[in-house]
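Here's the structure, in structure tokens; my notes come after.
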């Protein structure tokens with residue numbers, strides 16, 4: 001599926017995932033072939049098919065992206081109530097997870113708007129010691145261009161949820 005066609009639904013699933021997990025999982029490929037997965041909390045979805053993430057604590061990803069700029073982002077709604085309601089119903093009302101495939105651009109300085117968006121996301125924690133230590137000086141970003149979205153299927157509980165996801169696009 002082309003992510004541009006499904007962007008509002010992708011944003012909804014990703015917002016639920018971030019709200020419940022506080023991060024996304026981003027996979028890159030090591031130089032010798034094996035995948036490497038990194039938790040990324042600073043991914044910001046932008047216009048359709050595009051995102052940025054602040055690059056501050058991603059040592060292995062830096063090396064991996066030098067030789068292969070392809071990535072896969074996994075967004076999973078880990079909310080307890082979401083899962084309990086789904087388990088009792090025997091089906092998910094909305095997609096529980098998705099994968100976004102894409103390519104990552106070169107590092108660049110964040111714009112003032114991008115920094116403001118990031119600071120707005122973590123504003124509730126701005127008076128904590130941790131905020132000052134890890135989030136205050138976020139300034140380097142990378143652009144991501146998503147080329148494909150893929151639903152995560154969890155047996156019969158996700159039957160039909162992806163067709164409903166597609167129908168929502170047709171009616172919006």
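Could you tell me which residue of the range 123-161 is nearest to the chain's Cα centre (by Cα), considering only residues that are exposed (fewer than 12 other Cβ atoms within 10 Å of the Cβ) and modelled with pLDDT of 85 or more? Among those that are exposed (fewer than 12 other Cβ atoms within 10 Å of the Cβ) and modelled with pLDDT of 85 or more, it is 155. Can we say residue 107 is within 17 Å of residue 12 (Cα to Cα) and either surrounded by fewer than 14 Cβ atoms within 10 Å (Cβ to Cβ) or touching a residue at least 40 places away in the same chain (Cβ under 8 Å) (or both)? Judged against the criteria, residue 107 is not a match.
Say whether the condition of being modelled with pLDDT under 90 and assigned to a loop (DSSP other than H, G, I, E, B) is met by at least one residue in the range 105-122. So far as the range 105-122 goes, yes, one or more of its residues are modelled with pLDDT under 90 and assigned to a loop (DSSP other than H, G, I, E, B). Output the residues belonging to the range 39-49 that are assigned to a strand (DSSP E or B) and either more than 11 Å from the chain's Cα centre (by Cα) or exposed (fewer than 14 other Cβ atoms within 10 Å of the Cβ) (or both). If the condition is that a residue be assigned to a strand (DSSP E or B) and either more than 11 Å from the chain's Cα centre (by Cα) or exposed (fewer than 14 other Cβ atoms within 10 Å of the Cβ) (or both), then 39 is the only one that fits. Residues that are over 25 Å from residue 9 (Cβ atoms) and surrounded by 17 or more Cβ atoms within 10 Å (Cβ to Cβ) within the range 55-75 comprise 55, 58, 61, 64, 65, 69, listed in sequence order.
Can you pull out the residues in the range 53-80 that are touching a helix residue (DSSP H, G or I) at 6+ places or on another chain (Cβ under 9 Å) and either modelled with pLDDT of 95 or more or more than 25 Å from residue 137 (Cβ to Cβ) (or both)? Within the range 53-80, 71, 73, 74, 75, 76, 77, 78, 79, 80 meet the criteria. Each residue in the range 84-104 was checked for being outside any strand (DSSP E or B) and either surrounded by 15 or more Cβ atoms within 10 Å (Cβ to Cβ) or touching a helix residue (DSSP H, G or I) at 6+ places or on another chain (Cβ under 6 Å) (or both), and 6 pass.
The values are calculated or read from the model by the stated rules, or taken from the named source; none is laboratory data. Small disclaimer: the values here were computed from a predicted structure and weren't measured. So basically every Cβ, Gly included, is an ideal-geometry build from the backbone, and we count neighbours across all protein chains shown.
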